[in-house]
Structure formats: C-alpha cells, structure tokens
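The values are calculated or read from the model by the stated rules, or taken from the named source; none is laboratory data. A quick note: this is a predicted structure, and the numbers were derived from the prediction, not measured. So basically every Cβ, Gly included, is an ideal-geometry build from the backbone, and we count neighbours across all protein chains shown. SASA here: full protein model, heavy atoms, side chains in, ligands and nucleic acids out. Shrake-Rupley method; radii C 1.70, N 1.55, O 1.52, S 1.80 Å.
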Amino acid sequence: MGVAPKQLGLICRRIGLSFVTLILVSGLIFMATQGLPGDVARMILGKEAGAEQVEALRSQLGLNLPLIEQYMRWVGSLLSGDLGFSAASNRSVADLVGPRVENSFALVAISMVLALPISVLLGVATANFKDTWFDRIAMATSLGVNALPEFVLGLLLVVVFSTNVLHVVPAVSLLSPGKPFYQQLGAYVLPVATLFLLQTTYLYRLVRGTMIDVLASDYVQFARLKGMSSGRILFRHALPNAAVPAIQAAANVFALSVGGVVVVEYVFGYPGMGTALTDAVGNRDIPVVQFIVLIIAATFLLSNMIADLAAALLTPPGRGA
C-alpha cells in the first residue's frame, strides 16, 4: 500500500527526531564515560611509567583537551569510520568488538525469528478462545516468565537442562571462531531459549489484546452478520489490522533484547558485546564502552524508525494517523 502524505510527513519528522536523539545520546554516553575512575594513559603505560610519559601520552590521545573538543574529535572519528583503539588490549575497536557485535545480533535475531510466528499463533489462538482454560494457562505462564529477571530465568534453564536433571546442552556457551555455525548449535540453545521465552511471553499478550479488540470491532461484527466464515474474517480482516501494532511491538522487543542481551551473555559466558561491555567497564576501556553503548542506543532508534515505516506501509489509507 502507498504512504499517505500525512503519514510520510510524520515519518520524516520522526526520522529527524531520531537523529537529534542519537546526537544527544552520544553526548550523554561521552560525558558518562568520562566519569569512570582511573586514568587511561596510566593504564596503557603501566604503573612504572613516569609522570612525563603519562602526560605525553595524554597529549597524544587528546585527553588534556576541553571535553567539548574531545567529543567533537570522537564524533568526527566515528563518522570517518575510525572507531579508535582499545586502551586495554591496544587493538582496533572494530577488530575487537566487531565479531562480538555479530554474535550478539545473531543471538537476538535467531530468538526473534522463532518468537515472532509463535507469538502471533499463540496470540490469535488465545484471542479466539478467550477466557477458556487454554487462555488462562497461557496467560499465567506468560506473566510468570516475564516476572523473572533474565539471569534468574537463564539459571533455571541451566539447572534443568545442563545439570543432573537433563544434561543435554552445555551450561557455558563458548564459541570457537574457526568452527561453522551449524557445528556449534549446542552453545546457542540456552541463550536463545532465554531470550525466546522472554520475547514470546511478552509479544503474545500484545497480539492477543490487539486481536480481541479487532474481533470486537464493528466491521468484523458486520462481516459475521453477512455470513462470512470465521477463517476468512480472521485472515482477511483481523490479522491485517492486528499486524501494525504487532510489528511496532516486535521492533521494541528486538531493541530491548539487544540491550538486555548483556545479562544473558554474562550468565552463559557467551562471547557477545554484552560480555565485552562488562570487561571494558572493569578495565576502563573507554573507546570500547562508548562504541558498544552507542550501538545499543542506535539499534533502539533504528528499530523504531523501521517499525514506523512498516506501520505506515501496512496501514490502509484513511486509517493512518
């Protein structure tokens, strides 16, 4: 479907607002990392280095410049593709963090690919059988799972599937860089299962609520009075109208999963950007911390932009905002 001029204008304003927000977030990230304790130059040179050596390195790295000038240099480097060097390992941030970012997004993407269709199916089924025993069990299970923090749910899965109860998958998700993905599927099972359960139990409730509202709408009731079959009402009227809020919710869940993957990776020792972030904070590796946090913030904004565009394309003319 085409995009109405009003919808197009709204999308352009939201895109502009997202870029402004990203600039503000980058400033906050930069200022927050400056508050981390310790001296980067001293950490690079070691405790044995003299004051003159430390001061010379600070001057070389631009650490003695005003903060606003340091920020502008950092943003300029990012825009030119220079992510800087890790202060702890003296490696390029791109080389150090790039594979970790790929691992994290692979984890979230796999869980979302599994969660989306199951959430839709479960949401549609529970909406059609509202207030039945099936609906009540699904709702109670969903609320119970979402009430658990990520690390508690992950540890429960470890206890059940990686100990004497059912020792079927490894408790620690270590990956070998030289091995192909299909030979390391066992390492993905528990992290993916943790994210999948959290995503599915949240998304299905949104789909259920939207479907209940759509099925109770006037045009669906009119279609029933005309004798249209339940299957045709569901797939021709209900699902298309429930798709827009479901897509927007899925975008938010994806972005939140990228941010929340830090905890999941830490629990399972998964080599993603979450474990890289915790190590970088402990080592006061500012370039790594800045880049990973910026990636998480940019993912959230980009996900919402894509969701807005998809919603505008799927919304029939006359029903858009």
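Conditions (1) under 22 Å from Ala310 (Cβ atoms); (2) among the acidic types (Asp, Glu); (3) free of Cβ contacts under 8 Å to residues at least 40 places away in the same chain, marked per residue:
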position	(1), (2), (3)
Val207	yes, no, no
Met228	no, no, yes
Ala243	yes, no, no
Val264	no, no, no
Phe268	no, no, no
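Going by the structure shown, is Phe196 surrounded by fewer than 21 Cβ atoms within 10 Å (Cβ to Cβ), under 26 Å from the mean Cα position of the chain (by Cα) and among the aromatic types (Phe, Trp, Tyr)?
Details: surrounded by fewer than 21 Cβ atoms within 10 Å (Cβ to Cβ): yes; under 26 Å from the mean Cα position of the chain (by Cα): yes; among the aromatic types (Phe, Trp, Tyr): yes.
In short, yes.
Take Thr163 and tell me if it is among the polar types (S, T, N, Q) and at pLDDT 85 or above. For Thr163, the condition - among the polar types (S, T, N, Q) and at pLDDT 85 or above - is not met.
Conditions tested, residue by residue: (1) more than 27 Å from the chain's Cα centre (by Cα); (2) modelled with pLDDT under 75; (3) over 17 Å from Phe291 (Cα atoms); (4) not charged (D, E, K, R).
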| site | (1), (2), (3), (4) |
| --- | --- |
| Val20 | no, no, yes, yes |
| Glu52 | yes, yes, yes, no |
| Gln60 | yes, yes, yes, yes |
| Asn64 | yes, yes, yes, yes |
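If you go through the stretch 125-138 and keep only what is part of a helix (DSSP H, G or I), open to solvent by less than 50 Å² (accessible area, probe 1.4 Å) and more than 13 Å from Thr200 (Cα to Cα), you end up with Ala125, Thr126, Ala127, Asp135.
Among residues of the stretch 96-117 being farther than 15 Å from Ser257 by Cβ and in contact (Cβ under 8 Å) with a residue 12 or more places away in the chain, the one that is least open to solvent (accessible area, probe 1.4 Å) is Val97. The set of residues in the stretch 148-173 that are hydrophobic (A, V, I, L, M, F, W, C), without any contact (Cβ under 8 Å) to a residue 24 or more places away in the chain and open to solvent by 80 Å² or more (accessible area, probe 1.4 Å) comprises Leu156, Val165, Leu166, Val168.
Would you pick out the residues in the stretch 66-92 that are part of a loop (DSSP other than H, G, I, E, B) and either open to solvent by less than 50 Å² (accessible area, probe 1.4 Å) or of a type in the set (Lys, Arg) (or both)?
So in the stretch 66-92, the residues part of a loop (DSSP other than H, G, I, E, B) come out as 66, 80-84, 86-91.
Answer for the stretch 66-92, where residues must be part of a loop (DSSP other than H, G, I, E, B) and either open to solvent by less than 50 Å² (accessible area, probe 1.4 Å) or of a type in the set (Lys, Arg) (or both): Leu83, Gly84, Ser86, Ala87, Arg91.
Only one residue in Gln290, Gln221 is touching a helix residue (DSSP H, G or I) at 6+ places or on another chain (Cβ under 6 Å) and either in a helix (DSSP H, G or I) or surrounded by 19 or more Cβ atoms within 10 Å (Cβ to Cβ) (or both). Which one? Every option except Gln290 fails the conditions. Kindly indicate whether any position in the stretch 205-212 is at pLDDT 80 or above, surrounded by 18 or more Cβ atoms within 10 Å (Cβ to Cβ), out of contact with any Leu (no Cβ under 6 Å at 6 or more places or on another chain) and of a type in the set (S, T, N, Q). Scanning the stretch 205-212 turns up at least one residue that is at pLDDT 80 or above, surrounded by 18 or more Cβ atoms within 10 Å (Cβ to Cβ), out of contact with any Leu (no Cβ under 6 Å at 6 or more places or on another chain) and of a type in the set (S, T, N, Q).
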